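The values are calculated or read from the model by the stated rules, or taken from the named source; none is laboratory data. Computed from a predicted model, the values in this text were never measured in an experiment. Here the Cβ positions follow ideal geometry from the backbone for every residue, glycine too, while neighbour counts run over all protein chains shown. Just the protein is used for accessible areas: all its heavy atoms, side chains included, with ligands, DNA and RNA removed. Shrake-Rupley method; radii C 1.70, N 1.55, O 1.52, S 1.80 Å.
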Amino acid sequence: MPTPPLAVAHLLRRAGFGGSPAEIAALAPLDIKVIVDKVVNSSFAVPLADPPLVADKDADYWDRYVAMSSAWLERMRTAPVGPALVEKLTLFWHGHFCSSLEKVGHQAIWNQNQLFRVMGLGSFRDLAQAVAVDPAMLRYLDNDRNTKGSPNENWARESMELFTLGVNQYSQDDVVAGAKAWSGHGLDKDGRYVFTANRHDFGAKTLFGITKAWNGPEVLDEITLGDKKQTSARFIATKLWSFFAYPNPEPAVIDAVVAPYLASNLSIAALLKAIFLRPEFYGPKAKGALVRSPIEYVVAAMKGTGLGCGIAHPEWWLEGMGQQPFYPPNVSGWRQNGYWISASTQWAKTSCAGFLRWKANEGTSVLAGTQALAAPAAVRRALAQFGVDTPSASTVKAMEAWLRQERTTTKWAERPNLIMLALLSPDAQLA
Amino acid sequence: MDTETADVLAALSTPAATDRRSVSRRRFLQATAMTAGATALLPTWLADLAEAATPIGPGDGVLVTVQMGGGNDGLNTVVPTGDSAYYAKRPNIAVKATDALAIGTGVGLHPKLTYLKSRFDAGQLAVLQGVGDITPDLSHFTATARWMTGDGTEGKTGWLGRYLDGLPGGNDPFHAVTVGTSVPLLMNGATRKATALPQQVDDGLSTSAKDDWVRRSAECLRAMGGGTTGLGAWGDAIAAAGRASVDLTDKVRPLYKAKLTQGRLASQLDLAARIVNADLGVRALHVSFGSFDHHANLPGEHGQRMAELDAGLQTFFATLAPRFSTRVTVLTFSEFGRRVQANQSNGTDHGTASSLFALGAGVKGGLYGAMPSLTNLDRSGNLVPAVDFRSVYATVLDSWLRADSKQVLGATYENLGFVNRPGLTSG
């Protein structure tokens, strides 16, 4: 059964960074199950080419940052169906298993990003185990300093609270025992993971009421595969649902998507497919339920204008919008929706859109033909350029009134400002 | 493209690009560990806004909250130099008694807090010891939420937000301002919330711009936020924020005329002081910095944060215009203090009670609360708070902001008496 183009467009916005008209037209004749299999495709879970500057320790700190930021955002901008979800999911994991360049070197944080790309669609248990011994995480949450005798609780606590179980699902005693279990899992002098037996506490610890000689990885297995399995599965499913569909999902919805996840050995790909096949994902509650994060917004702006990172310079605008890649604000990552809305972020978006309008006007043919269209058609064409397929009446009214006025005076300003105003419409700021 | 167009495009795009490159780079580097703690230069700039919005009344005090995110180690901030248990439990990370800046018998400030020490000596720094949550939570996020709501919940409104709700008169975007990109729970009320101001505003879109085509774009952006959008609550909120950004552009632009002082906290507090000086009617300001989550390498990292705090506060009071110098109280807070016993990584894990500072000419300087016992600890090895953090809020609300703390906090808490309100009207 064919799929309504609006549903395809919605899926490609949420499960990626927006689909082109050609991508939407190509998928719409297909059944939704077939489409979802194309969108969620583990064969695209492969690393990006490493930007050479990342490894160049003699290079400028900022230049190295821009190199890796641009490499990632450029991939988001250009990724077709399939790879697009891999990048969207990498962004999710980056905001979930947080580490920051503030505390971790360029190479380590880039390697962690590649880890999310390669393992993000696989088993959550495997991903969590890999993150636990990832050098960036070992450094970021201090487990590289966690040794027998006087353990460091940072990783033990946050890995339970923020990464696998959620608040109130563990006790302070579990944190203390968990820290002992993870002691000795650290870094060697070259910054590679190493388990140092004489720094590990091999004694008995009581964790979740079970007393034994717990070692760190066994704690994660207990959480993801043992008695805490249901709790952990619901925690991850809720967080993914909130990121892709809408916050605060109904328990029944989570029940429905958790079942195939548990049945598939904690496959994130299976969980995402279940999410993208739920009617609620396409329902009225999902529409307008998510504000585009700054990274999503800038990528959408680059897609719509056809400008790459080298011209659009996302790194100039993202801080003011509140989201710098590789630089989450703290270990809990970025929040969503209201977190992105303020006069402050609107100024940053105005600066960004104001800059891009000139670059697009000078260097591209974006919206070049709109001057020949009547105002209503020109406005709709401009909004569609940025993925707005069903614009609000208030946006259309304001932009049409503006365009009519513009056309009576300074005609040259029409095209660049049409680009800017479409980008600043509330419609284009929603996911 | 005609000549006029080319000129306009050149003027608008090229300088912005050049400026952006240096600004982004500088701000980014400032925010990284590489340059953290760089000493702030003293500003010479004073705001001279010609047009005041709704000036604060002669009896109105202004509150500035400084959030120290991540859980500040209170014991290395206000150091119990006379307590041997402190040195026994922190053999590698304790602040030496000879280094601490003595503010009483057996108690001293971290050596980097030289400006605060001078204000203490002038009788304008209240050191609030042993302040914590009576039902402590060692999660950053739960604890932060509890400190921000101040009503014993992790609910949707913050204590300063509810204070805003109760201010007389209409909703004014300048009643409360937070520096940054999003409004913290602290300043979210049921009906009102703070305005977030960035550390940089480029041209913006102004309805009073010189060029008519800019004015028209500004009017269009306003119109998109003129009512309900049909896009849902988030769409409405975005549209309203877009409209607000246009309406506020002309008012805030003068604030950014001179370069802000460098430093992660100093730049925010510089801007905060300019906002006060502009007399836009602001009653509450919020800034935040961090991280204080020093599970490892505490002495160096924490020392840098202390230097940033001290420099930031010095910048703030140096920037404040003389006529406002007696009208602002600064209050620091953090979601929790840290474990008494150091860990093996020369850091400290999550704890409970900590020390707070209240600073200003309207503060009765001295030591308040009590340093908790370092040996009689709770079962996690943490301090037992001597003072409920909401007593601090109640004191500020009732004595400084002249609000009703019972209404805002939902219960009555002890007034700690560190506010010296007569200082307010003398300015």
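Descriptive notes on the structure:
- Rounded to the nearest 10 square angstrom, residue A:243 shows an accessible area of 50 square angstrom against a 1.4 Å probe.
- Electrostatic dipole magnitude of segment A:229-282 [Cβ: Lys, Arg +1; Asp, Glu -1; Cα centre; debye, to 20]: 160 debye
- Remark: accessible area buried at the B-A interface is about 6200 Å², both chains counted, probe radius 1.4 Å.
- With Cα atoms as the point set, segment B:292-366 shows a radius of gyration and Dmax of 15.4, 50 Å.
- Accessible surface of residue B:147, taken over heavy atoms with a 1.4 Å probe and every protein chain present, rounds to 10 Å².
- Over the C-alpha trace of segment B:200-259, radius of gyration and Dmax come out as 12.6, 41 angstrom.
- Taking the 1.4 Å solvent-accessible surface of segment B:200-259 as the whole, the part contributed by carbon and sulfur is 51%.
- The alpha-carbon atoms of the protein assembly as shown, seen along their principal axes, cover 82, 67, 53 angstrom, with the largest extent given first.
- Take each residue in A:388-401, count the other chain C-beta atoms within 10 Å of its C-beta, and the mean is 4.
- For chain A, the relative contact order works out to 15 percent when only alpha carbon pairs closer than 8 Å and six or more residues apart are counted.
- Phi to ³J(HN,Hα) by Karplus 6.51 cos²θ - 1.76 cosθ + 1.60 over segment B:143-154, Hz, x for Gly, Pro: 5, 4, 4, 5, 5, 7, 6, x, 10, x, 10, 10
- For residue B:369, residues with placed amide H under 5 Å, excluding near neighbours: B:129
- Only Cα pairs under 8 Å and 6+ residues apart enter the sum, and on that basis the relative contact order of segment A:1-104 stands at 31 percent.
- Residue-averaged beta-carbon neighbours from other chains (10 angstrom radius) around B:132-143: 3
- Judged by the mean number of other Cβ atoms found within 10 Å, the most tightly packed of the peptides A:338-348, B:166-176, B:281-291 leads the ranking A:338-348, B:281-291, B:166-176.
- Applying 1/(1 + (r/R0)^6) with r as the Cβ-Cβ distance of residue B:404 and residue B:96 and R0 = 45 angstrom yields a FRET efficiency of 0.50.
- Taking the longest Cα principal axis of chain B as reference, the axis of helix B:264-277 is set at about 60 degrees.
- Amide H to amide H, with H built 1.01 Å from N, residue B:285 comes under 5 Å of B:63, B:64, B:65, B:177, counting only residues 5 or more places away or on other chains.
- The heavy atoms of residue B:148 present about 10 square angstrom of accessible area, all protein chains included, probe 1.4 Å.
- Descending semi-axes in Å of chain A, equivalent ellipsoid built from Cα gyration tensor: 42, 25, 17
- Spatially, segment A:1-28 and segment A:197-276 are offset by 31 Å when compared through their Cα centroids.
- Considering only Cα atoms, the convex hull volume of segment A:229-282 works out to 64 Å³ per residue.
- Relative contact order (percent, whole number), segment A:229-282, Cα cutoff 8 Å, 6+ residue spacing: 32 percent
- Candidates A:50, A:190, A:31: whichever shows maximal mean-square fluctuation once chain A is modelled as a Gaussian network with Cα springs under 10 Å: A:190
- Here is how the number arises for the protein assembly as shown: DSSP H runs of 4 or more residues each give -39500 (n - 2.57), the sum is divided by the residue count, and the result at 222 nm is -13500 deg cm²/dmol.
- Chain A: angle of helix A:106-119 to the longest principal axis, Cα-based, in degrees nearest 10: 90 degrees
- Average partner coverage of B:248-258, which counts Cβ from other chains inside 10 Å: 1
- Net charge dipole size for chain A [Lys, Arg +1 and Asp, Glu -1 on Cβ; Debye, nearest 20]: 960 debye
- Annotation: lysines with alpha-carbon distance below 20 angstrom to residue A:359 (same-chain offsets under eight excluded): A:303, A:349, A:411.
- Net charge of Cβ neighbours under 13 Å - reference residue A:385; Lys, Arg +1; Asp, Glu -1: +3
- Span from the segment A:44-102 Cα centroid across to the segment A:137-180 one, whole angstrom: 27 Å
- Phi angles across segment B:99-108 convert, under the Karplus curve 6.51 cos²θ - 1.76 cosθ + 1.60 with θ = phi - 60°, into 3J(HN,Hα) values of 8, 5, 8, 4, 10, x, 6, x, 9, x Hz, Gly and Pro given as x.
- Computed magnitude of the charge dipole of segment A:294-429 (debye, nearest 20; Cβ of K, R +1, Cβ of D, E -1): 320 debye
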